[in-house]
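Everything on this sheet refers to the single structure shown next.
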Amino acid sequence: MTLKRYTLSSVRNRIYSVSNTVIGLPTQGQPPPTIELLIVAGGGGGGQGGPASNESGGGGGGGLIYIGTYARAPSYTISIGGGGSNYTRGTNTTVLSSIETLTAIGGGGGTYNSSNGMDGGSGGGGTHNGTSGGVGNQTTNPSISANSRTYGFGTNGGNGATSAGGGGGGAGQAGGNAPSPGGYGGNGKQYFQFAPFGANTSYFAGGGVGTYGNAPVGGLGGGGGAGSPWSPSNLNGALNTGGGAGGGVNGGGTGGSGIVIIRYPEIYFAANGTTGSPITSNVGGYRMYAFTGSGTLNIY
(Lines give C-alpha, C1' and ligand atoms only; values in the text may rest on other atoms or scores of the structure.)
Protein backbone atom coordinates (compact mmCIF):
# COMPACT_ATOMS: atom_id res chain seq x y z
CA MET A 1 0.00 0.00 0.00
CA THR A 2 1.22 3.44 -0.95
CA LEU A 3 0.41 6.33 1.41
CA LYS A 4 -0.30 9.69 -0.15
CA ARG A 5 1.07 12.70 1.67
CA TYR A 6 -1.08 15.84 2.22
CA THR A 7 0.18 19.12 3.55
CA LEU A 8 -1.80 21.19 6.00
CA SER A 9 -2.00 24.05 3.52
CA SER A 10 -3.55 21.77 0.90
CA VAL A 11 -6.60 20.90 3.07
CA ARG A 12 -7.05 24.16 4.95
CA ASN A 13 -9.20 25.78 2.26
CA ARG A 14 -11.34 22.68 1.90
CA ILE A 15 -12.12 22.67 5.64
CA TYR A 16 -13.38 26.24 5.54
CA SER A 17 -14.94 26.39 2.10
CA VAL A 18 -18.39 24.95 3.05
CA SER A 19 -20.71 27.72 4.26
CA ASN A 20 -23.76 27.39 6.47
CA THR A 21 -25.97 28.39 3.59
CA VAL A 22 -24.80 25.36 1.58
CA ILE A 23 -25.87 22.90 4.27
CA GLY A 24 -29.01 24.84 5.16
CA LEU A 25 -28.09 26.07 8.64
CA PRO A 26 -28.74 29.68 9.68
CA THR A 27 -26.19 31.48 11.77
CA GLN A 28 -26.54 33.46 14.95
CA GLY A 29 -25.57 36.50 12.93
CA GLN A 30 -29.03 36.51 11.33
CA PRO A 31 -32.42 37.62 12.66
CA PRO A 32 -35.25 35.08 12.54
CA PRO A 33 -37.37 35.17 9.35
CA THR A 34 -40.52 34.42 11.37
CA ILE A 35 -41.67 34.38 14.99
CA GLU A 36 -44.29 32.54 17.04
CA LEU A 37 -46.74 34.90 18.71
CA LEU A 38 -49.33 34.71 21.51
CA ILE A 39 -51.46 37.74 22.45
CA VAL A 40 -53.99 37.66 25.31
CA ALA A 41 -56.23 40.53 26.42
CA GLY A 42 -57.39 41.28 29.95
CA GLY A 43 -60.26 39.18 31.31
CA GLY A 44 -63.70 40.59 32.09
CA GLY A 45 -64.84 41.49 35.58
CA GLY A 46 -67.33 39.23 37.34
CA GLY A 47 -70.97 40.28 37.55
CA GLN A 48 -72.45 42.07 40.53
CA GLY A 49 -75.95 41.37 41.86
CA GLY A 50 -78.31 44.19 42.71
CA PRO A 51 -80.62 44.54 45.72
CA ALA A 52 -83.32 42.29 44.29
CA SER A 53 -81.28 40.07 41.97
CA ASN A 54 -77.95 38.76 43.15
CA GLU A 55 -77.38 35.87 40.78
CA SER A 56 -74.79 37.38 38.43
CA GLY A 57 -72.68 36.05 35.58
CA GLY A 58 -68.97 35.32 35.38
CA GLY A 59 -66.59 37.46 33.36
CA GLY A 60 -65.44 36.33 29.93
CA GLY A 61 -61.84 35.45 29.20
CA GLY A 62 -59.79 37.93 27.23
CA GLY A 63 -59.62 37.53 23.48
CA LEU A 64 -56.66 35.41 22.39
CA ILE A 65 -54.57 35.47 19.20
CA TYR A 66 -52.10 32.73 18.32
CA ILE A 67 -49.97 32.79 15.15
CA GLY A 68 -47.48 29.96 14.84
CA THR A 69 -45.56 31.45 11.90
CA TYR A 70 -45.66 35.23 11.66
CA ALA A 71 -43.39 37.39 9.52
CA ARG A 72 -40.74 39.13 11.59
CA ALA A 73 -40.83 42.91 11.77
CA PRO A 74 -37.82 44.93 12.98
CA SER A 75 -39.64 46.11 16.09
CA TYR A 76 -42.82 45.58 18.09
CA THR A 77 -44.62 47.95 20.44
CA ILE A 78 -46.66 46.04 23.00
CA SER A 79 -49.54 47.25 25.18
CA ILE A 80 -50.84 44.80 27.80
CA GLY A 81 -54.52 44.95 28.75
CA GLY A 82 -55.66 44.91 32.35
CA GLY A 83 -58.56 42.93 33.79
CA GLY A 84 -61.97 44.50 34.27
CA SER A 85 -63.32 45.08 37.78
CA ASN A 86 -66.83 44.01 38.82
CA TYR A 87 -68.97 43.94 35.67
CA THR A 88 -66.71 45.92 33.34
CA ARG A 89 -64.88 44.69 30.26
CA GLY A 90 -61.18 43.87 30.26
CA THR A 91 -58.77 46.07 28.32
CA ASN A 92 -57.44 45.23 24.86
CA THR A 93 -53.89 43.98 24.34
CA THR A 94 -52.17 45.20 21.17
CA VAL A 95 -48.97 44.44 19.26
CA LEU A 96 -47.99 47.19 16.82
CA SER A 97 -45.37 46.69 14.10
CA SER A 98 -44.63 47.89 10.58
CA ILE A 99 -46.76 44.97 9.34
CA GLU A 100 -50.03 45.76 11.15
CA THR A 101 -51.65 46.21 14.56
CA LEU A 102 -52.87 42.98 16.11
CA THR A 103 -55.63 43.48 18.70
CA ALA A 104 -56.86 41.00 21.28
CA ILE A 105 -60.21 42.26 22.64
CA GLY A 106 -60.81 42.50 26.39
CA GLY A 107 -63.14 39.90 27.89
CA GLY A 108 -66.78 40.86 28.43
CA GLY A 109 -67.89 41.69 31.96
CA GLY A 110 -70.52 39.67 33.78
CA THR A 111 -73.99 41.05 34.39
CA TYR A 112 -75.25 43.81 36.66
CA ASN A 113 -78.80 43.47 38.01
CA SER A 114 -80.93 42.23 35.10
CA SER A 115 -78.63 43.07 32.22
CA ASN A 116 -77.26 40.69 29.61
CA GLY A 117 -73.67 39.56 29.81
CA MET A 118 -71.29 41.99 28.14
CA ASP A 119 -69.79 41.31 24.71
CA GLY A 120 -66.00 41.05 24.47
CA GLY A 121 -63.15 38.82 23.33
CA SER A 122 -65.17 36.11 25.08
CA GLY A 123 -68.61 37.07 26.41
CA GLY A 124 -69.62 37.48 30.05
CA GLY A 125 -72.32 35.29 31.61
CA GLY A 126 -76.01 36.21 31.95
CA THR A 127 -77.88 36.75 35.21
CA HIS A 128 -81.14 35.72 36.94
CA ASN A 129 -84.43 35.29 35.05
CA GLY A 130 -82.67 34.05 31.95
CA THR A 131 -80.77 37.01 30.55
CA SER A 132 -78.38 36.12 27.78
CA GLY A 133 -74.65 35.71 27.94
CA GLY A 134 -72.50 38.16 26.04
CA VAL A 135 -71.17 37.47 22.55
CA GLY A 136 -67.53 36.52 21.99
CA ASN A 137 -66.47 38.77 19.12
CA GLN A 138 -62.71 38.24 18.83
CA THR A 139 -63.30 36.41 15.54
CA THR A 140 -65.92 38.78 14.10
CA ASN A 141 -65.33 42.36 15.30
CA PRO A 142 -64.83 44.49 12.16
CA SER A 143 -62.90 47.18 14.05
CA ILE A 144 -59.80 44.98 14.36
CA SER A 145 -57.45 43.74 11.63
CA ALA A 146 -58.22 40.67 9.55
CA ASN A 147 -55.35 38.70 11.10
CA SER A 148 -56.63 39.58 14.58
CA ARG A 149 -59.87 37.85 13.62
CA THR A 150 -58.46 35.02 11.53
CA TYR A 151 -56.06 33.87 14.22
CA GLY A 152 -58.27 34.89 17.13
CA PHE A 153 -60.24 32.84 19.66
CA GLY A 154 -63.26 33.78 21.78
CA THR A 155 -66.63 32.26 22.69
CA ASN A 156 -70.00 33.29 24.09
CA GLY A 157 -70.96 33.53 27.75
CA GLY A 158 -73.59 31.24 29.22
CA ASN A 159 -77.20 32.27 29.86
CA GLY A 160 -78.53 32.95 33.34
CA ALA A 161 -81.43 31.24 35.11
CA THR A 162 -83.87 31.98 37.93
CA SER A 163 -81.39 31.44 40.74
CA ALA A 164 -77.92 31.32 39.22
CA GLY A 165 -75.63 33.23 36.88
CA GLY A 166 -74.17 31.99 33.61
CA GLY A 167 -70.47 31.31 33.18
CA GLY A 168 -68.11 33.49 31.22
CA GLY A 169 -66.82 32.20 27.91
CA GLY A 170 -63.23 31.04 27.50
CA ALA A 171 -60.96 31.13 24.46
CA GLY A 172 -61.57 27.42 23.85
CA GLN A 173 -65.04 26.72 25.29
CA ALA A 174 -68.28 28.65 25.73
CA GLY A 175 -69.49 29.49 29.23
CA GLY A 176 -72.00 27.13 30.80
CA ASN A 177 -75.70 27.98 31.02
CA ALA A 178 -77.26 28.16 34.48
CA PRO A 179 -78.46 26.33 36.47
CA SER A 180 -75.65 23.89 36.91
CA PRO A 181 -76.31 25.10 39.69
CA GLY A 182 -74.34 28.09 38.41
CA GLY A 183 -72.82 28.28 34.96
CA TYR A 184 -69.25 26.98 34.71
CA GLY A 185 -66.50 29.12 33.20
CA GLY A 186 -65.43 28.01 29.74
CA ASN A 187 -61.93 26.61 29.34
CA GLY A 188 -59.21 28.63 27.66
CA LYS A 189 -56.62 27.48 25.11
CA GLN A 190 -53.56 25.44 26.01
CA TYR A 191 -50.03 26.06 24.69
CA PHE A 192 -47.44 23.81 26.31
CA GLN A 193 -44.60 25.59 24.52
CA PHE A 194 -45.21 28.74 26.54
CA ALA A 195 -44.67 27.13 29.94
CA PRO A 196 -44.23 28.21 32.71
CA PHE A 197 -46.71 30.97 31.79
CA GLY A 198 -50.47 30.58 31.85
CA ALA A 199 -52.45 28.60 34.43
CA ASN A 200 -53.59 24.99 34.83
CA THR A 201 -50.59 23.71 32.84
CA SER A 202 -50.23 26.54 30.32
CA TYR A 203 -53.87 27.43 29.59
CA PHE A 204 -54.81 31.02 28.80
CA ALA A 205 -58.08 33.03 28.77
CA GLY A 206 -60.48 30.87 30.78
CA GLY A 207 -63.93 32.16 31.77
CA GLY A 208 -65.20 32.99 35.26
CA VAL A 209 -67.92 31.02 37.09
CA GLY A 210 -71.46 32.39 37.57
CA THR A 211 -72.71 33.21 41.07
CA TYR A 212 -73.93 30.20 43.10
CA GLY A 213 -71.80 27.92 40.94
CA ASN A 214 -69.85 26.79 44.03
CA ALA A 215 -66.76 26.15 41.91
CA PRO A 216 -63.46 27.10 43.58
CA VAL A 217 -61.89 27.99 40.24
CA GLY A 218 -63.16 28.96 36.82
CA GLY A 219 -62.36 27.63 33.38
CA LEU A 220 -58.86 26.34 32.70
CA GLY A 221 -56.73 29.35 31.95
CA GLY A 222 -57.06 31.53 35.02
CA GLY A 223 -60.84 31.95 35.34
CA GLY A 224 -62.12 33.03 38.76
CA GLY A 225 -64.41 30.91 40.94
CA ALA A 226 -67.98 31.61 42.03
CA GLY A 227 -69.11 33.55 45.06
CA SER A 228 -72.08 32.62 47.25
CA PRO A 229 -73.09 33.15 50.86
CA TRP A 230 -72.12 29.63 51.86
CA SER A 231 -69.12 29.07 49.63
CA PRO A 232 -66.98 32.19 49.12
CA SER A 233 -63.95 31.64 46.94
CA ASN A 234 -61.31 33.45 44.96
CA LEU A 235 -63.30 35.53 42.52
CA ASN A 236 -60.35 37.09 40.70
CA GLY A 237 -58.94 35.87 37.42
CA ALA A 238 -55.27 34.86 37.53
CA LEU A 239 -52.71 37.51 36.62
CA ASN A 240 -51.13 37.39 33.15
CA THR A 241 -53.57 34.76 31.85
CA GLY A 242 -56.52 36.83 30.62
CA GLY A 243 -58.82 34.80 32.88
CA GLY A 244 -62.34 36.13 33.48
CA ALA A 245 -63.46 36.81 37.06
CA GLY A 246 -66.15 34.97 38.99
CA GLY A 247 -69.53 36.54 39.73
CA GLY A 248 -70.28 37.64 43.29
CA VAL A 249 -73.30 38.47 45.41
CA ASN A 250 -71.83 41.70 46.77
CA GLY A 251 -69.49 42.41 43.91
CA GLY A 252 -67.66 40.42 41.26
CA GLY A 253 -63.95 39.79 41.07
CA THR A 254 -61.32 41.43 38.86
CA GLY A 255 -60.28 39.77 35.63
CA GLY A 256 -56.72 38.62 35.05
CA SER A 257 -54.36 40.87 33.13
CA GLY A 258 -53.15 39.90 29.66
CA ILE A 259 -49.81 38.79 28.28
CA VAL A 260 -47.78 38.75 25.04
CA ILE A 261 -45.21 36.04 24.31
CA ILE A 262 -42.82 36.01 21.33
CA ARG A 263 -40.72 32.91 20.61
CA TYR A 264 -38.23 31.81 17.95
CA PRO A 265 -35.32 29.33 17.63
CA GLU A 266 -32.17 30.29 19.52
CA ILE A 267 -29.99 29.59 16.46
CA TYR A 268 -30.96 33.16 15.51
CA PHE A 269 -29.54 36.06 17.42
CA ALA A 270 -31.11 37.50 20.53
CA ALA A 271 -33.22 40.66 20.49
CA ASN A 272 -30.99 43.71 20.35
CA GLY A 273 -33.21 45.98 22.41
CA THR A 274 -36.15 45.77 24.78
CA THR A 275 -38.09 48.06 27.10
CA GLY A 276 -40.66 47.15 29.71
CA SER A 277 -38.56 44.37 31.30
CA PRO A 278 -39.91 41.29 29.51
CA ILE A 279 -39.23 37.90 31.09
CA THR A 280 -36.65 36.15 28.89
CA SER A 281 -35.66 32.50 28.71
CA ASN A 282 -33.88 29.97 26.52
CA VAL A 283 -35.68 26.64 26.83
CA GLY A 284 -35.72 23.67 24.47
CA GLY A 285 -33.77 25.46 21.76
CA TYR A 286 -35.99 28.57 21.69
CA ARG A 287 -35.68 32.16 22.82
CA MET A 288 -38.81 33.42 24.55
CA TYR A 289 -39.82 36.96 25.50
CA ALA A 290 -42.89 37.25 27.74
CA PHE A 291 -44.38 40.72 28.31
CA THR A 292 -46.57 41.11 31.39
CA GLY A 293 -46.38 44.89 31.10
CA SER A 294 -46.17 47.21 28.13
CA GLY A 295 -42.87 47.62 26.30
CA THR A 296 -40.97 47.19 23.05
CA LEU A 297 -38.93 44.46 21.36
CA ASN A 298 -36.39 45.02 18.57
CA ILE A 299 -35.14 42.16 16.37
CA TYR A 300 -33.01 43.37 13.42
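The values are calculated or read from the model by the stated rules, or taken from the named source; none is laboratory data. Computed from a predicted model, the values in this text were never measured in an experiment. Using ideal geometry, Cβ is built from the backbone for each residue, glycine included, and neighbour counts are taken over all protein chains shown. Ligands, DNA and RNA are stripped out before the accessible areas are found, and what is left, the full protein with its side chains, is counted by its heavy atoms. Shrake-Rupley method; radii C 1.70, N 1.55, O 1.52, S 1.80 Å.
Take the conditions (1) under 25 Å from Glu36 (Cβ atoms); (2) open to solvent by less than 20 Å² (accessible area, probe 1.4 Å); Ser79 misses just one of them, which is (2). For the range 269-300, a residue qualifies if it is hydrophobic (A, V, I, L, M, F, W, C), touching a Leu at 6+ places or on another chain (Cβ under 7 Å) and buried (at least 22 other Cβ atoms within 10 Å of the Cβ), but none of them does. The condition (being open to solvent by less than 50 Å² (accessible area, probe 1.4 Å) and modelled with pLDDT of 85 or more) is satisfied by just one residue among Gly251, Gly227, Gly222: Gly222.
For the range 135-189, the set of residues classified as closer than 18 Å to Gly47 by Cβ, part of a strand (DSSP E or B) and in contact with a strand residue (DSSP E or B) (Cβ under 9 Å, 6 or more places away or on another chain) consists of Gly136 only. Of all residues in the range 269-290, those being closer than 22 Å to Leu96 by Cα and assigned to a loop (DSSP other than H, G, I, E, B) number 7. Among the residues of the range 185-202, just one is open to solvent by 50 Å² or more (accessible area, probe 1.4 Å) and of a type in the set (Ser, Thr, Tyr), namely Thr201. How many of the residues in the range 102-134 are in contact with a Lys or Arg (Cβ under 6 Å, 6 or more places away or on another chain), outside any loop (DSSP other than H, G, I, E, B) and more than 14 Å from Asn156 (Cβ to Cβ)? Number of matching residues: 0. For residues in the range 254-268 being surrounded by fewer than 22 Cβ atoms within 10 Å (Cβ to Cβ) and assigned to a loop (DSSP other than H, G, I, E, B), which is nearest to the chain's Cα centre (by Cα)? Across the range 254-268, the extreme among qualifying residues is Glu266. Residue count for the range 111-131 under the criterion of being at pLDDT 95 or above, of a type outside the set (D, E, K, R) and either over 15 Å from Gly246 (Cα atoms) or surrounded by fewer than 19 Cβ atoms within 10 Å (Cβ to Cβ) (or both): the result is 2.
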